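Scroll down for the structure; my scribbles are underneath it.
The values are calculated or read from the model by the stated rules, or taken from the named source; none is laboratory data. Bear in mind the structure is a predicted one, so any value in this text is a computation, not a measurement. Positions of Cβ are backbone-derived with ideal geometry, glycine not excepted, and every protein chain shown enters the neighbour counts.
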Amino acid sequence: MKTKLGVLAVAALSITACSHGPLASNQAVQTEASASEKRQPANQRLATLPDQAQWQSLYDYADALDLTQVELALHTGNGTSVYGVVSIGGKPIGAVIPEGNSSGSITGETIAFTISRALGVSDIYQPGIYKQLTGRNLDAFMAIVPRTVITNKSGKVLDLKEANRKKILSLYAKDPSHLDSVFKRWDVKPKDVDGISKDGLSLSPAFTVAGARAPLASFLQCNGPRPDPSRKVTFAGGTSDELSVAKQLSAILLIDAMTQQRDRFSGGNLQTITKDGVAKFASIDNGGTWGGGKADPDLWTRRNLSSVTRWDRNVAEQILGMADLIERGRPYLGLRNEAELIAALDITEASPDIVARFKRATVYTANHIRQHANCYF
């Protein structure tokens with residue numbers, strides 16, 4: 001990736017990153033990068049999504065974040081990624097996660113978030129903002145990357161984290177001028193959902209929450225029972241209703257299909273968040289994208305779609321509109337052509353292969369929706 005533009009803002013709800021870190025401070029002080037590191041303000045973005053103004057300040061914040069003016073520490077908890085926790089005044093506010101983890105696609109993180117914006121479900125998605133580390137930002141980050149083998153307290157080598165560490169060092173050695181990363185803003189601490197996977201690959205048909213009349217997976221099927229908006233359910237220390245949680249899971253699976261997410265149900269990658277007593281299912285970790293290969297490029301799109309044939313009307317219509325722009329060049333959300341769509345989704349600098357995968361998966365997902373016409377909640 002080359003230097004990208006920073007353009008969007010602090011949402012009403014920013015969710016904790018894959019580290020499961022503590023609550024963020026909403027009073028974090030903005031810090032400024034040096035003039036040499038600051039990416040040029042983007043006066044020439046080809047196009048934006050309708051909610052651009054809502055997110056502007058968050059992108060501006062990530063763009064100007066100076067890692068030498070905040071507290072930056074290596075994350076030492078669970079997970080497979082080697083990344084830095086950003087704190088101000090002792091309070092973690094986010095994370096800087098570099099490319100290098102096999103399940104940590106930067107483009108996956110950013111596009112899942114921007115798709116959620118287009119579909120109107122950004123309240124359950126972790127904002128991910130591309131940030132290229134250069135100069136003193138790069139020096140600050142590389143200073144926390146271990147130069148020795150990563151082990152747990154018992155001395156056991158943590159194979160996946162160790163592989164990530166070696167990859168980061170390899171990328172840096174190959175080109176010490178920059179390191180691609182994603183800045184993830186933290187807010188509400190999420191909780192991992194246990195028992196939601198049937199096989200590590202898909203949603204369990206038996207998973208449910210207290211108060212629901214049926215397993216949640218059954219609400220996502222067109223021929224299944226309709227979720228009741230008046231039916232109260234409780235989970236994760238909060239409350240919701242059958243319809244809301246079904247819509248949340250449906251939207252996550254559809255976006256997973258569009259990004260070929262292969263890591264949602266492997267453990268610890270589907271979460272809940274609870275704020276002001278309201279519980280939601282949330283998509284926090286979106287890096288395990290672009291699964292499949294030449295032998296079966298639609299593998300993970302197909303697997304994610306196998307669990308969902310019922311959707312929110314607006315979400316479905318937005319996906320159909322996006323696919324119509326890709327297939328037929330029809331305007332969508334004010335975007336006039338494919339180039340404007342790619343710019344608005346903030347993946348202009350992604351590889352042609354990833355852009356092609358996204359387009360193919362989006363059309364595949366739209367066709368799946370067409371095959372189950374009028375299957376709305």
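Worth pointing out:
- Among the residues of the stretch 307-352, those that are among the polar types (S, T, N, Q), assigned to a loop (DSSP other than H, G, I, E, B) and closer than 24 Å to PRO127 by Cβ comprise THR348, SER351.
- For the stretch 298-343, filtered to residues that are aliphatic (A, V, I, L, M) and touching a Gly at 6+ places or on another chain (Cβ under 9 Å), the residue that is farthest from ASP256 (Cα to Cα) is LEU333.
- For the stretch 126-145, the tally of residues that are closer than 17 Å to ILE168 by Cβ and either of a type in the set (Gly, Ala, Ser) or modelled with pLDDT of 95 or more (or both) stands at 11.
- Residues in the stretch 182-205 that are of a type outside the set (D, E, K, R) and in contact with a helix residue (DSSP H, G or I) (Cβ under 8 Å, 6 or more places away or on another chain): VAL182, PHE183, LEU201, SER202, LEU203, SER204, PRO205.
- Qualifying positions in the stretch 202-245 - over 17 Å from PHE265 (Cβ atoms), surrounded by 17 or more Cβ atoms within 10 Å (Cβ to Cβ) and hydrophobic (A, V, I, L, M, F, W, C): ALA212, PHE219, VAL233, PHE235, ALA236, LEU243
- Scanning the stretch 210-238 for residues that are under 24 Å from the mean Cα position of the chain (by Cα) and either closer than 22 Å to LYS189 by Cβ or modelled with pLDDT under 95 (or both) returns PHE235, ALA236, GLY237, GLY238.
- In the stretch 97-110 there is at least one residue that is touching a Lys or Arg at 6+ places or on another chain (Cβ under 6 Å) and closer than 28 Å to ALA344 by Cα.
- Residue satisfying condition, being free of Cβ contacts under 8 Å to residues at least 60 places away in the same chain and within 30 Å of VAL363 (Cβ to Cβ), within set GLY291, GLY287: GLY291
- Taken over the stretch 217-232, the residue count meeting the criterion of being among the hydrophobic types (A, V, I, L, M, F, W, C) and touching a helix residue (DSSP H, G or I) at 6+ places or on another chain (Cβ under 6 Å) is 2.
- The listed residue being buried (at least 20 other Cβ atoms within 10 Å of the Cβ), out of contact with any strand residue (DSSP E or B) (no Cβ under 7 Å at 6 or more places or on another chain) and not charged (D, E, K, R), out of ALA361, ALA356: ALA361
- Tally of residues being buried (at least 24 other Cβ atoms within 10 Å of the Cβ), small (Gly, Ala, Ser) and either modelled with pLDDT of 95 or more or not in a loop (DSSP other than H, G, I, E, B) (or both) across the stretch 251-295: 4
- Test result for SER244, at negative phi, in contact with a Leu (Cβ under 8 Å, 6 or more places away or on another chain) and in a helix (DSSP H, G or I): no
- Just one of the numbered conditions (1) touching a Ser or Thr at 6+ places or on another chain (Cβ under 8 Å); (2) surrounded by fewer than 24 Cβ atoms within 10 Å (Cβ to Cβ) is not true of GLU317: (1).
- Cβ pairs under 6 Å, 6+ apart, first in the stretch 153-164 and surrounded by 10 or more Cβ atoms within 10 Å (Cβ to Cβ), second hydroxyl-bearing (Ser, Thr, Tyr): VAL157/THR151; LEU160/THR80; LYS161/THR80; ASN164/SER81
- Those residues of the stretch 52-110 which are at pLDDT 95 or above and of a type in the set (Asp, Glu), in sequence order: ASP66, GLU71
- Residue within the stretch 218-238 that is closer than 22 Å to CYS375 by Cα and in a helix (DSSP H, G or I) present: yes
- Subset tally (residues that are buried (at least 17 other Cβ atoms within 10 Å of the Cβ) and assigned to a helix (DSSP H, G or I)) for the stretch 364-377: 5
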